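The values are calculated or read from the model by the stated rules, or taken from the named source; none is laboratory data. Everything numeric in this text was worked out from a predicted model, so none of it was measured. Because the Cβ atoms are built from the backbone with ideal geometry, glycine has one as well, and the counts that use them run over all protein chains shown.
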Amino acid sequence: MKDLIGFCGLDCELCQAYIATINDDDELREEVAKHWSELNNVEISPEMINCMGCRVEGVKTPFCDFMCPIRQCALENNYDTCADCDKMEGCEKLVMIFENNDNAYKNLKHHY
């Protein structure tokens, strides 16, 4: 599986935090921080918008690194992705991801 497909199936290469990080784009960091702050009703600073992908070595956003319940579950269970879990189909943690992004489910199912 492509390393930049997250545990949940989202494609990290399409994430604005990843794009800002690999391009060292402070303007994009500011835009993403503002948008994510409004979306999540929490203060997110441009300095937090640094991520190399959830399944690869390197910097991650605070949410992706410490707070994402999907990533934490996959790491605790030593899964390569959620596709390794026999409870993936009915997983409450993944429902919102799959409902908002058809490709996330396809990315997980396609490879396995």
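Would you call K34 over 23 Å from Q72 (Cβ atoms) and basic (K, R)? Criteria met by K34. Taking N78 as the residue in question, decide whether it is over 15 Å from the mean Cα position of the chain (by Cα), among the polar types (S, T, N, Q), at pLDDT 95 or above and not in a helix (DSSP H, G or I). Criteria met by N78. Within region 61-80, does at least one residue satisfy the condition of being of a type in the set (S, T, N, Q), in contact (Cβ under 8 Å) with a residue 60 or more places away in the chain and surrounded by 12 or more Cβ atoms within 10 Å (Cβ to Cβ)? Looking through region 61-80, none of the residues is of a type in the set (S, T, N, Q), in contact (Cβ under 8 Å) with a residue 60 or more places away in the chain and surrounded by 12 or more Cβ atoms within 10 Å (Cβ to Cβ). The one condition from (1) modelled with pLDDT of 95 or more; (2) under 20 Å from K2 (Cα atoms) that C64 does not meet is (1).
In region 81-104, the qualifying residues are those that are of a type in the set (A, V, I, L, M) and under 13 Å from the mean Cα position of the chain (by Cα), and the one that is surrounded by the most Cβ atoms within 10 Å (Cβ to Cβ) is L94.
Table: residues versus (1) among the aromatic types (F, W, Y); (2) in contact with a Ser or Thr (Cβ under 6 Å, 6 or more places away or on another chain); (3) farther than 29 Å from K109 by Cα; (4) at pLDDT 95 or above.
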| position | (1), (2), (3), (4) |
| --- | --- |
| G9 | no, no, no, yes |
| C12 | no, no, no, yes |
| C15 | no, no, no, yes |
| I22 | no, no, no, yes |
| R29 | no, no, yes, yes |
| H35 | no, no, yes, yes |
| N41 | no, no, yes, no |
| S45 | no, no, yes, yes |
| G58 | no, no, no, yes |
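Scan region 40-65 for residues that are under 13 Å from the mean Cα position of the chain (by Cα) and in a loop (DSSP other than H, G, I, E, B) and the total you get is 11. Can you say whether K34 is of a type outside the set (D, E) and outside any helix (DSSP H, G or I), as far as the supplied structure shows? In short, no.
Here is a yes/no grid of residues against (1) within 17 Å of N101 (Cβ to Cβ); (2) in contact with a Pro (Cβ under 7 Å, 6 or more places away or on another chain):
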{"site": "A17", "(1), (2)": "yes, no"}
{"site": "E30", "(1), (2)": "no, yes"}
{"site": "E47", "(1), (2)": "no, no"}
{"site": "G53", "(1), (2)": "yes, no"}
{"site": "T61", "(1), (2)": "no, no"}
{"site": "C64", "(1), (2)": "yes, no"}
{"site": "C73", "(1), (2)": "no, no"}
{"site": "C82", "(1), (2)": "yes, no"}
{"site": "K87", "(1), (2)": "no, no"}
